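As structure tokens, the structure follows; a few thoughts come after it.
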Amino acid sequence: MFALFRINYHNQYYKAYSDSSVLAQIKKLWLESLVRFEPDTIRRGAREVIESSDYLPTLHRMLTACQGDLSKHGLKDPHAAYIEACHAPSPKAAQRWSHPAVYHAGKASDWYFLASSTERTAYPVFAGHYKRLCEQVINGVSLPLPDAPALPESIETPLSREENQRRMQALRDDLDI
């Protein structure tokens with residue numbers, strides 16, 4: 001990445017990173033910040049920055065480029081995903097989600113916590129899980145849709161008359177009727 005920057009932003013690069021000890025510190029900071037991304041994602045982000053900017057990028061700009069455009073992957077912005085997760089009725093697994101990442105972020109955040117906490121409290125928790133899942137999706141991980149086990153259409157073997165009467169009597173005995 002720094003080699004690409006050196007080639008593309010030659011004069012700016014040497015002016016900004018003239019001291020080798022400062023460059024080593026900068027590289028360490030960038031490494032710590034970008035370690036969560038795959039190498040291909042970092043290369044893609046660096047090329048995107050080079051193609052779209054005349055100036056040497058900041059770390060923030062590079063992080064944004066590595067995260068990529070969420071809509072290209074069918075993902076909503078974090079707040080819209082939070083609203084979708086909070087408004088989804090139960091059972092959550094049976095809902096049609098805009099993307100499985102919304103469901104998995106809600107599940108990781110705890111559905112009860114999302115429903116019972118204020119947005120000021122719950123949104124940062126949800127956003128953290130959602131952003132982590134979005135990074136995985138951008139890096140090529142395919143998240144599974146939730147399994148919603150369907151109830152059978154009908155009971156194939158109805159109870160016998162005697163079994164029904166026995167259960168009814170047991171229920172009456174339990175309720176003192």
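Coordinate-derived values only; no laboratory data. Since we're looking at a predicted model, the values are computed, not measured. All Cβ positions, glycine included, derive from the backbone under ideal geometry; neighbour counts span all protein chains shown.
Per residue, the average separation of C-alpha pairs within less than 8 Å and at least 6 apart gives the range 1-138 a relative contact order of 21 percent. Rounded, prolate or oblate, given the Cα gyration tensor of the range 73-138, with a/c below 1.5 counting as rounded? Cα axes put the range 73-138 in the oblate bin. Here the Karplus relation 6.51 cos²θ - 1.76 cosθ + 1.60, evaluated at θ = phi - 60°, turns the backbone of the range 2-19 into coupling constants of 5, 5, 4, 5, 4, 5, 7, 10, 2, 5, 4, 4, 5, 6, 6, 10, 6, 8 Hz, with x for every Gly and Pro.
Its residues counted as N, the chain yields a C-alpha radius of gyration over 2.2 N^0.38 Å of 1.70. Restricting attention to the chain, the count of lysine pairs at 8 or more positions apart or across chains with alpha carbons under 29 Å apart stands at 13. From most to least packed by mean Cβ count within 10 Å, the peptides 161-171, 46-56, 24-34 give 46-56, 24-34, 161-171.
The peptide list 2-15, 123-136, 65-78, put in order of mean Cβ contacts within 10 Å with the highest first, becomes 123-136, 65-78, 2-15.
Does the range 2-68 come out rounded, prolate or oblate, given a ≥ b ≥ c as the square roots of the eigenvalues of its C-alpha gyration tensor, rounded meaning a/c under 1.5 and, failing that, prolate meaning a/b above b/c? Because a/c hits 1.5 or more and a/b fails to exceed b/c, the range 2-68 counts as oblate.
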